[in-house]
1. Please enumerate the residues belonging to the stretch 23-45 that are out of contact with any Asp or Glu (no Cβ under 9 Å at 6 or more places or on another chain), farther than 18 Å from Gln96 by Cα and surrounded by 13 or more Cβ atoms within 10 Å (Cβ to Cβ).
2. Within the stretch 53-84, how many residues turn out to be polar (S, T, N, Q) and without any contact (Cβ under 8 Å) to a residue 60 or more places away in the chain?
Amino acid sequence: MAGALVGGAFLSSFLQVAFDRLASPKILDYFKEQKPNVPLLRKLHFTLTSINAVLYDAEEKQIRNPHVKKWVDELKHAVFEAEDLLDEIETEVSQQELEAELHATSSKVPNLSTTMASASVNPFDKEIESRIKEVLGHLEDLAQQKDLLGLKDGFGVSVQQSQRVQTTSLADDTGVCGRNEDKKAWAKPL
């Protein structure tokens, strides 16, 4: 039981890393240059947000329901795929930046073949587009399954946390009754 909750906490933190990656300057710059892929980025973010809303409910239900457990396992796999894809994009952007710096410092006059290569469609971009669509399709399937599994939106707060009674170190004297006459008897001689 504790292992499932720890696994779920790991997944929610990993999902947060994916959100942070999606908002990173390198990823945003890459998608701004690849204008046809901007809707894919928005769709990926929306789908992850939709899944994140039910994640806490899924973390609790996976202990009792093997179908939810399988859904969470598939979600982990899909998030790992998305994370790997974002890593590859960041690596490619960094590599392109280094190559651009290298070409800028090596010659002041742009090489015609370099200019032509940058104007043509990059095979990396085509591959990334198809992989984004594949990962997005997997995540959208999982988002649809969440409704079939009866997972409820938790908006980041687990049901158990919201029902927890506040604790304090102060004594609760509302439940103490009696001995009022004893208090008065002690107070009179003073």
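The values are calculated or read from the model by the stated rules, or taken from the named source; none is laboratory data. Bear in mind that the values here come from a model prediction, so they are computed numbers and not experimental data. Note that each Cβ is placed from the backbone with ideal geometry, even for glycine, and that neighbours are counted across all protein chains shown.
1. Val38, Leu41, Leu44, His45
2. Qualifying residue count, the stretch 53-84: 1.
Residue-wise test of (1) at pLDDT below 90; (2) under 24 Å from Glu127 (Cβ atoms).
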{"site": "Leu48", "(1), (2)": "yes, yes"}
{"site": "Ile51", "(1), (2)": "yes, no"}
{"site": "Glu60", "(1), (2)": "yes, no"}
{"site": "Asp73", "(1), (2)": "no, no"}
{"site": "His77", "(1), (2)": "no, yes"}
{"site": "Glu81", "(1), (2)": "no, yes"}
{"site": "Leu86", "(1), (2)": "yes, yes"}
{"site": "Glu90", "(1), (2)": "yes, yes"}
{"site": "Ser94", "(1), (2)": "yes, yes"}
